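The values are calculated or read from the model by the stated rules, or taken from the named source; none is laboratory data. Just so you know, these numbers come straight off a predicted model, no measurement behind them. Positions of Cβ are backbone-derived with ideal geometry, glycine not excepted, and every protein chain shown enters the neighbour counts.
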Amino acid sequence: MEEIPEIELVCPSDVFLNIIKGKCKTTLIVLIKKGRNRFGEMRRTLPTISERMISRQLDELENDGIITRKSFTELPPAWNII
């Protein structure tokens, strides 16, 4: 009897859940949707979450293609997250 090759099936919802799992990622996405797309605004809105954690989660969302960052030539430097 012939063996059937094992095929890895990937469910789109599993991929989505793996991307958005993490501390406060869904909250950050909601804040961006509501227009609070500057880092300082996010930090003030989420006082219990460290700047490092917010930055790390935003980096992961950017690497996964969920958000993009746009920098402006201002003093002090400004970043908008889209």
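Report, by residue number, each residue of region 38-79 that is more than 17 Å from residue 26 (Cα to Cα) and part of a loop (DSSP other than H, G, I, E, B).
Residues satisfying the conditions are 73, 74, 75, 76, 77.
Sort out which residues of region 35-59 are among the hydrophobic types (A, V, I, L, M, F, W, C), under 14 Å from the mean Cα position of the chain (by Cα) and at pLDDT 90 or above, and write them in order of number. Lay out the reasoning, then the answer.
We begin by selecting, within region 35-59, every residue among the hydrophobic types (A, V, I, L, M, F, W, C); these are 39, 42, 46, 49, 53-54, 58.
With under 14 Å from the mean Cα position of the chain (by Cα) added as a condition, the list becomes 39, 42, 53-54, 58.
If the condition is that a residue be among the hydrophobic types (A, V, I, L, M, F, W, C), under 14 Å from the mean Cα position of the chain (by Cα) and at pLDDT 90 or above, then 42, 53, 54, 58 are the ones that fit.
Give the residue that is surrounded by the fewest Cβ atoms within 10 Å (Cβ to Cβ), with candidates limited to residues of region 1-32 that are at pLDDT 85 or above and assigned to a loop (DSSP other than H, G, I, E, B).
For region 1-32, the residue satisfying everything is 21.
How many residues does region 22-35 contain that are touching a Leu at 6+ places or on another chain (Cβ under 9 Å), free of Cβ contacts under 8 Å to residues at least 24 places away in the same chain and over 13 Å from residue 67 (Cα atoms)?
Number satisfying all stated conditions: 1.
Find the residue count for region 33-77, including only residues that are exposed (fewer than 15 other Cβ atoms within 10 Å of the Cβ), under 29 Å from residue 15 (Cβ atoms) and among the aromatic types (Phe, Trp, Tyr).
Here the count works out to 0.
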